[in-house]
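Worksheet: the structure to be examined is printed underneath.
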Amino acid sequence: MRSYNLFRLKSVDGLCCAVPEAYAVPAFLGGGRWTFGGKLDGESSAPLDFDDRAADTAIRFNGFYLFQTVDRRFTCA
């Protein structure tokens, strides 16, 4: 698994955006609506709902991977 910076949307519980560390952070993550949620790498366990194959495809086309999780470690509550 590659390394990602993880961001969480404050207004929607569990909505996350993973951006590879080597990529620029998309502009929509600014403005205070999103918060940094930590790093995902080989040493830390990814959210239960994180799909590596879907992430690879989304990053190839968009540069980021949006996903919803119920993993309490990555929700805002």
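The values are calculated or read from the model by the stated rules, or taken from the named source; none is laboratory data. Only a predicted model underlies this, so the values are computations on that prediction, with no experimental measurement involved. Ideal geometry is used to build each Cβ from the backbone, glycine not excepted, and the neighbour counts take in all protein chains shown. Ligands, DNA and RNA are stripped out before the accessible areas are found, and what is left, the full protein with its side chains, is counted by its heavy atoms. Shrake-Rupley method; radii C 1.70, N 1.55, O 1.52, S 1.80 Å.
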Top-ranked residue in segment 38-67 [being aliphatic (A, V, I, L, M) and part of a loop (DSSP other than H, G, I, E, B); ranked as least open to solvent (accessible area, probe 1.4 Å)]: A46
Matching residues in segment 27-58 - criterion: being over 12 Å from the mean Cα position of the chain (by Cα) and not hydrophobic (A, V, I, L, M, F, W, C): G30, G31, G32, R33, G42, E43, S44, S45, R53, D56, T57
Count of segment 1-32 residues which are open to solvent by 80 Å² or more (accessible area, probe 1.4 Å), part of a loop (DSSP other than H, G, I, E, B), more than 16 Å from Q68 (Cα to Cα) and out of contact with any Phe, Trp or Tyr (no Cβ under 8 Å at 6 or more places or on another chain): 5
Selection count, segment 14-42, where residues are in contact (Cβ under 8 Å) with a residue 24 or more places away in the chain and out of contact with any strand residue (DSSP E or B) (no Cβ under 9 Å at 6 or more places or on another chain): 2
